[in-house]
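Worksheet: one structure, shown below.
What follows draws every value from the coordinates through simple rules; no lab data is involved. These numbers were taken from a predicted model, which means no experiment stands behind them. In this analysis, Cβ positions are derived from the backbone assuming ideal geometry, glycine residues included, and neighbour counts consider all displayed protein chains.
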Amino acid sequence: MRRNRPKIVSIANQKGGVGKTTTAINLGAALAARGSKVLLIDLDPQGNASTGLGISRDQRGLTTYDLLLSDADIQSTARSTGFDGLSIVPATTDLSSADAQMMSGPRRLSHLKMALSQSASDFDTILIDCPPSLNLLTLNGLVAADTLLVPLQSEFFALEGLSQLLLTVKEVRASANPKLRLEGIVLTMYDARNNLSRQVEADVRDTLGDLVYQTRIPRNVRLSEAPSYSMPIFSFDPLSKGAVAYRMLAGEFLRRNPAEPEPAHV
Ligand code: ADP
Ligand code: MG
């Protein structure tokens, strides 16, 4: 069902390697497979989501940089991927200079929000793949978003970074985006046979309760192989544990975000 306005979800955690990009690609693809029109915005200068979806560096054309810092809009920067229903605004390394260029001006936090508010209605869901830092790019991601989804690697230091991230959310709420909500926490690279994974899960659920998604993403080598074939897991190995888990995650996401009823026509 088409919404009036897409739901915008930032996927962020200032730690690198926790599964942000893997979640952006595969949650995006799973939602697209269920009929949503999904746009992924690659907000990381490393461009892993772009590469992982097969947009080669020389074919990137207009990118997230242009969306943030020129008049380029979604229509001119988004391109379709090989996966039906999933589009992407790709990123290249020049996005790393955007941080410095946005530094001046009162609207430095709102570049992405403004770009998305122009013309985003072709999509039901926009997922923003944030870089592994709490820099101005990530802040733009949080200011543009309705909600924040946090992938949390099931390992010992997982909770340490989380409190800093939640403080940043408080600051963003107090300033540029009072409506920012937590979508939830997703445990990634989970290994049920590992005591530590289970202990981290118990701690996180104790502390954060229902904010923690029931779905856990297991450690699954097929998930790490799929990007080098430029595919979401559902094209690469649809029966893998990783594919099953991301399908479940999409189901849980949709249950937690029931479609708004169409506005009555008057
Ligand atoms: P981030 O975007 O947070 O830096 P990535 O999604 O790029 O993290 O994941 C970091 C690395 O771990 C990548 O090589 C990715 O393929 C791999 N990876 C991510 N999630 C899983 C998983 N559930 N099982 C196995 N490998 C994973
Ligand atoms: Mg990443």
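Please report, for the Cα atoms of segment 103-212, the Rg to one decimal and the Dmax as a whole number; what are they, in angstrom?
For segment 103-212, the Cα-based Rg and Dmax read 15.8, 51 Å.
From the P(r) of segment 205-266, can you give the percent of Cα pairs sitting at distances over 19 Å?
Counting every Cα pair in segment 205-266, those more than 19 Å apart make up 49 percent.
Can you give me the relative contact order of the chain as a percent, contacts being Cα pairs under 8 Å and 6 or more apart?
26
When you have a sec, figure out the Kirkwood radius of segment 170-241 from all distinct Cα pair distances and drop it here in Å to one decimal?
14.7
With the dipole of segment 7-253 worked out from charges on the C-beta (+1 for Lys and Arg, -1 for Asp and Glu) around the Cα centre, which of MET103, PHE83, LEU62 lies farthest toward the positive end?
The one lying farthest along the dipole's positive direction is PHE83.
Between THR77, THR22, THR138, where does the largest GNM mean-square fluctuation fall for the chain, given springs only between Cα atoms within less than 10 Å?
THR77
Rg/Rh for the chain to two decimals, with Rh computed the Kirkwood way over all alpha-carbon pairs.
Rounded to two decimals, Rg/Rh equals 0.94.
Cut-off is 10 Å between beta-carbons; in what order do LYS20, LYS179 appear when sorted fewest neighbours first?
LYS179, LYS20
Give me the percent relative contact order of segment 33-91, please, defined on Cα pairs under 8 angstrom at least 6 residues apart.
Result for segment 33-91 is 49 percent.
Quick one: what are the phi-derived ³J(HN,Hα) couplings along segment 61-76, Karplus 6.51/-1.76/1.60 with θ = phi - 60°, whole Hz, x for glycine and proline?
x, 5, 10, 4, 3, 5, 4, 7, 10, 10, 7, 4, 10, 4, 3, 8
Taking a 26 Å limit on the Cα-Cα distance, which of the listed pairs LYS37/LYS179; LYS170/LYS241; LYS37/LYS113; LYS179/LYS241 fall beyond it?
LYS170/LYS241; LYS179/LYS241
Ordered by residue, what ³J(HN,Hα) values in Hz, to whole numbers, does segment 92-102 give under the Karplus form 6.51 cos²θ - 1.76 cosθ + 1.60, where θ = phi - 60° and Gly and Pro are x?
For segment 92-102, the Karplus-derived couplings read 10, 5, 5, 4, 5, 7, 4, 3, 5, 6, 7 Hz, x marking Gly and Pro.
Taking only complete DSSP H runs, can you tell me which helices of the chain stretch 15 Å or more along their own long axis by Cα positions and average at least -1.0 on the Kyte-Doolittle scale?
20-33, 158-174, 195-208, 241-256
Give the relative contact order (percent, whole number) for segment 160-240; include only Cα pairs under 8 Å separated by 6+ residues.
Relative contact order for segment 160-240 comes out at 25 percent.
Going by amide H atoms built from the backbone, whose H comes under 5 Å of the H on VAL212, apart from near neighbours?
When sequence neighbours closer than 5 places are left aside, the close amide H contacts are ILE185.
What are the residues whose amide H is under 5 Å from the amide H of GLN153, where those residues sit 5 or more places off or on another chain and H is modelled from the backbone?
THR188
Rounded to the nearest 500, what is the 222 nm mean residue ellipticity of the chain from helices alone, with -39500 (n - 2.57) per DSSP H run of 4+ residues and division by all residues?
Only helices count here, giving -11500 deg cm²/dmol.
Work out, in µm²/s and without decimals, the Stokes-Einstein translational diffusion coefficient of segment 1-159 at 25 °C, 0.890 mPa s, Rh from Kirkwood over C-alpha pairs.
160
Considering amide H positions built from the backbone, and no H for Pro or chain starts, which residues 5 or more places from ARG181, or on another chain, come under 5 Å of its amide H?
Here THR147, LEU148 satisfy the definition.
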